[in-house]
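The values are calculated or read from the model by the stated rules, or taken from the named source; none is laboratory data. No experiment lies behind these values; they were computed from the predicted model shown. Reconstructed Cβ throughout: ideal geometry from the backbone, glycine too, with neighbour counts over all protein chains shown.
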Ligand code: CO
């Protein structure tokens with residue numbers, strides 16, 4: 001069902017210094033910061049040859065990564081995103097197998113303009129999983 005690793009998302013407190021770390025210390029190609037108010041984050045995309053890294057900084061009140069950063073003061077890996085061909089078929093199969101889909105279970109348009117869903121970390125080895133239809 002799952003295909004390529006689309007991205008790994010890392011929650012950070014300070015997007016400027018995290019971006020500098022990837023650009024200057026690790027020598028990666030980084031994007032300009034992109035505020036995404038609908039998602040409560042500002043994102044920097046890091047292009048790697050085989051996948052992407054997304055640095056997420058909280059934006060506004062009630063950011064979905066606010067609590068995560070309260071628990072993880074240094075930041076940390078927030079979720080991984082796998083590509084699927086058919087997000088509704090994937091959702092239905094996972095739900096039939098007992099996995100929990102977050103929110104109302106309907107795909108939302110994600111940071112890349114494509115439909116996404118999130119799966120409960122307790123059902124997947126403590127890892128928040130995003131599925132993106134490509
Ligand atoms: Co993501």
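Scanning for something buried (at least 16 other Cβ atoms within 10 Å of the Cβ) and either on the phi > 0 side of the Ramachandran plot or part of a helix (DSSP H, G or I) (or both), does region 27-48 turn up at least one residue? Yes, the conditions are met somewhere in region 27-48. Of all residues in region 115-134, those being out of contact with any strand residue (DSSP E or B) (no Cβ under 8 Å at 6 or more places or on another chain) and on the phi < 0 side of the Ramachandran plot number 3.
Pairs under 8 Å by beta carbon, first residue free of Cβ contacts under 8 Å to residues at least 60 places away in the same chain and over 18 Å from residue 4 (Cβ atoms) in region 85-111, partner within 16 Å of the ligand (Cβ to nearest atom) and in a loop (DSSP other than H, G, I, E, B), six or more apart or different chains? Filtered contacts from region 85-111: 88/107; 91/107; 99/120; 99/124; 100/120; 101/120; 102/120.
For region 49-83, a tally of residues being surrounded by 20 or more Cβ atoms within 10 Å (Cβ to Cβ) and under 18 Å from residue 134 (Cα atoms) returns 3. Only a single criterion out of (1) surrounded by 14 or more Cβ atoms within 10 Å (Cβ to Cβ); (2) away from the ligand (no atom under 13 Å from the Cβ); (3) at pLDDT below 95 is not satisfied by residue 87, namely (3). Exactly one residue out of 55, 117 is within 14 Å of the ligand (Cβ to nearest atom), under 11 Å from the mean Cα position of the chain (by Cα) and within 16 Å of residue 2 (Cα to Cα), and it is 117.
In region 90-114, of all residues being on the phi > 0 side of the Ramachandran plot and more than 16 Å from the ligand (Cβ to nearest atom), the one that is surrounded by the most Cβ atoms within 10 Å (Cβ to Cβ) corresponds to 105. Condition check for residue 76 on (1) over 16 Å from residue 7 (Cβ atoms); (2) touching a residue at least 12 places away in the same chain (Cβ under 8 Å): one failure, at (1).
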